[in-house]
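Each value in this text was obtained by applying a stated rule to the coordinates, not by laboratory testing. In this text, all values refer to a predicted model and were calculated from it rather than measured experimentally. Note: ideal-geometry Cβ built from the backbone for every residue, glycine included; neighbour counts use all protein chains shown.
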Amino acid sequence: MSQPLRAVLGEDQPFMREGIAAILRKAGIDVVEAVDNAVDLVRAAEEHHPDVVITDIRMPPELEADGLRAAQKIRAARPETAVIVLSQFLDASYALDLVGDDPSGVGYLLKEKVASPQILIDAVERVLARDSALDPDVIAALLGRKRPEDPLAALTPKERKVLALMAEGHSNTGISEQLFVSVAAVERHVTGIFMKLGLSQSATGQHRRVLAVLRYLGQ
C-alpha cells in the first residue's frame, strides 16, 4: 500500500491554518506539521521532507515576505519539494520571485481562491506533477501592464487567451481542453505567439516555455 502524500503547512492565522489543513486531509494528504512562522516552516521542511509545502507569503517573524523567502530556501535545499505560496495581495513580482529560473513544482495562489477547496487541491496535484500553478488573476495583471510599445497588441484575442494559460502553467493539451479546440490548433497559436513576441523557439519544453513567457511578461 502506497504512503499518503505528506504536506507541511505555514500560516499564522489559526482559522485559516486549520481550514487549509482540513482541506488537505479531506483530500487524503497527511499534514505532518502546521506552523505559524517562517523559521519553523524551514525547520519542519528539513525535518519531515514533505512532498509539498504550502505557506502564506507574509508570516512572522518580520510579517513581510517571510513565507516567500522560506519557500525559496526550501526549494533551493530540496528542489524535489513542491511549493505553493498563498498571498492576500495581487503582487505579480512575488510570483516571479518564487518561480526564479525554474517554474516546475511551483504554485502561487491568491488566498481568496482557497475558499474553493478544489482549486487548492487542483493546484497541489499540478505542482506534485512538476507542473506550475500560477493564479490566473496574477497572470492577467502581468498581461495588463502598460508598456510604451506593447507587442501584445499584435496578438489576436485567442492568442492572448492561449498566452495566459501558457503562463499559468498549462500544457497544450490542457489549453485545448479549456478552450475547446484541438491540440493542433493550440500548437499553431503557440507558434504564432512566440514569433510575434520574439521568444526563443528553442523554449519548447513545458517548463522552459512557461519560464520564457513569464520572463517576457515580467519585463
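So if I check each of 133, 141, which one is among the hydrophobic types (A, V, I, L, M, F, W, C) and either assigned to a helix (DSSP H, G or I) or out of contact with any helix residue (DSSP H, G or I) (no Cβ under 8 Å at 6 or more places or on another chain) (or both)?
Going through 133, 141 in turn, just one is among the hydrophobic types (A, V, I, L, M, F, W, C) and either assigned to a helix (DSSP H, G or I) or out of contact with any helix residue (DSSP H, G or I) (no Cβ under 8 Å at 6 or more places or on another chain) (or both): 141.
Could you please find all residues in segment 7-56 being in contact with a Ser or Thr (Cβ under 9 Å, 6 or more places away or on another chain) and among the charged types (D, E, K, R)?
Answer for segment 7-56, where residues must be in contact with a Ser or Thr (Cβ under 9 Å, 6 or more places away or on another chain) and among the charged types (D, E, K, R): 11, 51, 56.
Taking residue 157 as the residue in question, decide whether it is in contact (Cβ under 8 Å) with a residue 24 or more places away in the chain and surrounded by fewer than 14 Cβ atoms within 10 Å (Cβ to Cβ).
No: the conditions fail for residue 157.
Is segment 73-82 home to any residue that is farther than 19 Å from residue 132 by Cβ and over 18 Å from the mean Cα position of the chain (by Cα)?
yes
Among the residues of segment 19-36, write down those that are farther than 14 Å from residue 86 by Cα and either surrounded by 18 or more Cβ atoms within 10 Å (Cβ to Cβ) or touching a strand residue (DSSP E or B) at 6+ places or on another chain (Cβ under 8 Å) (or both).
Within segment 19-36, 23, 24, 25, 29, 30, 31, 32, 33, 34, 35 qualify.
Which of (1) within 24 Å of residue 213 (Cα to Cα); (2) in contact with an Asp or Glu (Cβ under 7 Å, 6 or more places away or on another chain); (3) assigned to a helix (DSSP H, G or I) is the odd one out, the single condition residue 67 does not satisfy?
Condition not satisfied by residue 67: (1).
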